[in-house]
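Every number in this text was worked out from the coordinates using simple rules, so none of it is lab data. No experiment lies behind these values; they were computed from the predicted model shown. Ideal geometry is used to build each Cβ from the backbone, glycine not excepted, and the neighbour counts take in all protein chains shown.
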Amino acid sequence: MTTLWNTFLDQRTELLKALWQHLQISLTSLLIAIVIAVPLAIWATHHKSVAEVLLQITSVLQTIPSLALLGLLIPLVGIGSVPAVIALVIYALLPIFQNTYVGIDEIDPSIEEAADAFGMSRMRKLIKVEIPIALPVIISGIRTALVLIVGTATLAALIGAGGLGNFILLGIDQNDTSLILIGAITSALLAIVLSTLIKVLQKAKLRTVIVTVAVIIIGFIGVSGYQAAAQPKENIIIAGKLGSEPDILIHMYKDLIVQDDKNVTVTLKSNFGTTSFLFNALKSKSIDIYPEFSGTVLESLVKKTGNTTNLNAHQTYVKARDDLKSQDDIAYLKPMKYQNTFAVAVKKSFADKYNLKTIGDLRKIEDKINAGMTLEFMNRTDGLKGIKKKYGLDFKVNSMQASLRYEALQRGNINVGDAYSTDSQIKQLNLVMLKDTKHVFPPYQGAPIMTEKFAASHPEVVKSLNKLAGKISDSDMQEMNYKVNVKKESAAKVAKQYLISHGLLRDDK
């Protein structure tokens, strides 16, 4: 409990920000779903055959896995809040539509006949009789939809929409139970509070419900409008991949940019996704900057031109820079010193037992290998595909989230895993990185990546970020990762400490 409380105190500012994002996404989705589902259900009560079709459609939509739905929406509407809201609206339609339809359709026919006998028009009967009677059932459906939305909205963090899911993703990546609990508990409490408020409305009159909804909408518009007006004209969005290392780097980028230009603000999107996801986000201008590695550029982001097998680190960077510029009009700034190359890792006891020193040595124990690797590594030519091809290996592999495969290695659930050479877990768990004698893994030097247009219009940003060129050694980065993952220091704190200690950032204490 002490650790959980300390983590909460340390993260309270970020938690409030994430909570507001989560609330925005959830309530926006709910209001849109109500606007769509309620009128549609009212109309459907007079068209029974169409009502059955609509019920089937909304039921089918709700069965689509959330990750698959988000994946389908990204090519159509990009990333961020928009696809998240669309997905949540789709999931909320069924309970709201179904309850509204049932609530009105099952009104006692004698009451309907009495209303007709008084000469009420269809609209007057709807407002004065049908909706008031059906209101508790309708609100019950809205309440169900809200709980569903709040829980599912945690996945919005996967596509850069923020929210409480950021804490859960970061906790999983860093194997930090406290972060996971903070995200999950806050999400659950939010659902309980909002559900309780809606329950109160079940007993209220229609006018009270309408006024309450109006107040919520006006309040939301007012706060969002104020935020938009208060925000400076220039806001730079920097994103990072999953993990502590990208998080450290983007905090360094932010500190350097803000120090050199007081007229801009920087928004960070940590744990934003995998390589292709960020690259597409950059090209679509959903983000402005993110750190990328030279080997990754050549292997995954540009069309292969010529033989890149025997290039040294500088040659790899230059080719990556030139290919990005010519193929996608992307600028690749000067690289840092360290190389965060892929690796195949095993426990030292396992390496000693079977005398494993190189990746090729795995051939003699293929029948004993039980590997766990990330999906990205498994699907890259500079990853598992290249290893199998160049080393002639073919062994069982389970796909695993990045931090979980380290835990699985430690527990003995797997005996071979992929890794990054600067990961803190290599030191923490005393792992052995097998030598890549066939050079499947190219040199990986990290540097900021941005569009050429952005670089041309932001020379001060380019100048600020180039201060990191040639800085940060392999041991520096591994130590910083260790502080974040093992000592549980914040990435922001670790980044700032490095910059100050190396004279790149003023110490304003």
Scoring the range 2-230 by relative contact order with C-alpha pairs under 8 Å, at least six apart, yields a percentage of 26
Ranking of Ile138, Ile192 by count of other Cβ atoms within 10 Å, fewest first: Ile192, Ile138
Are any of the pairs Lys368/Lys388; Lys364/Lys427; Lys337/Lys388; Lys303/Lys337; Lys283/Lys438; Lys254/Lys467 more than 22 Å apart by Cα-Cα distance, and if so, which? Lys364/Lys427; Lys337/Lys388; Lys303/Lys337; Lys283/Lys438
Regarding the range 413-509, what's the average projected area of the Cα-atom convex hull, expressed in nm²? 9.3
Can you find, among Thr274, Ser244, Val264, the residue farthest towards the positive end of the dipole of the range 231-285? Put +1 on the C-beta of Lys and Arg, -1 on that of Asp and Glu. Thr274
Can you tell me, using C-alpha contacts under 8 Å and at least 6 residues apart, the relative contact order of the chain as a whole percent? 15
Under a point-charge model restricted to the Cβ atoms of Lys and Arg (+1) and Asp and Glu (-1), what is the dipole moment magnitude of the range 1-121 relative to its Cα centre, in debye to the nearest 20? 680
Rg (Å, one decimal) plus Dmax (Å, integer) for the alpha carbons of the chain? 27.0, 92
Would you pull out the residues with amide H under 5 Å of Lys269's amide H, same chain only if 5 or more places away, H placed 1.01 Å from N? Ile238, Ala239, Gly240
Honestly the range 342-434 on the Cα gyration tensor test (a ≥ b ≥ c root eigenvalues; a/c under 1.5 rounded, otherwise a/b vs b/c for prolate or oblate) is just rounded
Among the trypsin sites (Lys or Arg not before Pro) within the range 234-339, which fall in a DSSP loop and have no more than 16 other Cβ atoms within 10 Å of their own Cβ? Lys262, Lys285, Lys303, Lys304, Lys337
Per-residue [θ]222 nm for the chain (sum of -39500 (n - 2.57) over DSSP H runs n ≥ 4, rounded to 500): -19000 deg cm²/dmol
Quick one: Cα centre-to-centre distance for the range 428-443 and the range 450-474, in angstrom? 29
Are any of the pairs Lys396/Lys471; Lys17/Lys496; Lys435/Lys463 more than 27 Å apart by Cα-Cα distance, and if so, which? Lys396/Lys471; Lys435/Lys463
Which net charge results when you count Lys and Arg as +1 and Asp and Glu as -1 among the other residues whose beta-carbon is under 11 Å from that of Asp394? +2
Towards the positive end of the charge dipole of the range 342-434, with charges on Cβ (+1 Lys, Arg; -1 Asp, Glu), say which of Tyr420, Gln410, Tyr354 has the farthest Cα. Tyr354
Long-range amide H contacts for Ile369: which residues qualify at under 5 Å (H placed 1.01 Å from N, peptide plane, sequence gap of 5 or more or a different chain)? none
Placing one equal point scatterer on each C-alpha of the range 403-450 and summing with Debye, one gets log10 I(q)/I(0) at q = 0.15, 0.16, 0.28, 0.32 Å⁻¹ equal to -0.51, -0.57, -1.12, -1.27
Could you state the number of Å between the C-alpha centres of the range 56-97 and the range 368-425? 32
How many percent of DSSP beta bridges within the chain run antiparallel, rounded to 5? 55
Remind me, what semi-axes does the range 2-230 give for its equivalent ellipsoid, largest first in whole Å, using sqrt of 5 times each Cα gyration tensor eigenvalue? 37, 20, 15
Taking neighbour counts of Cβ atoms within 10 Å as a proxy for exposure, in what order, fewest first, do Ser81, Ser121, Ser29 appear? Ser121, Ser81, Ser29
Using a ≥ b ≥ c from the Cα gyration tensor of the range 51-178 (square roots of the eigenvalues), is it rounded, prolate or oblate, where a/c under 1.5 gives rounded and otherwise the larger of a/b and b/c decides, a/b for prolate? prolate
Along principal axes, Cα extents of the range 242-307, largest first, whole Å: 44, 23, 20
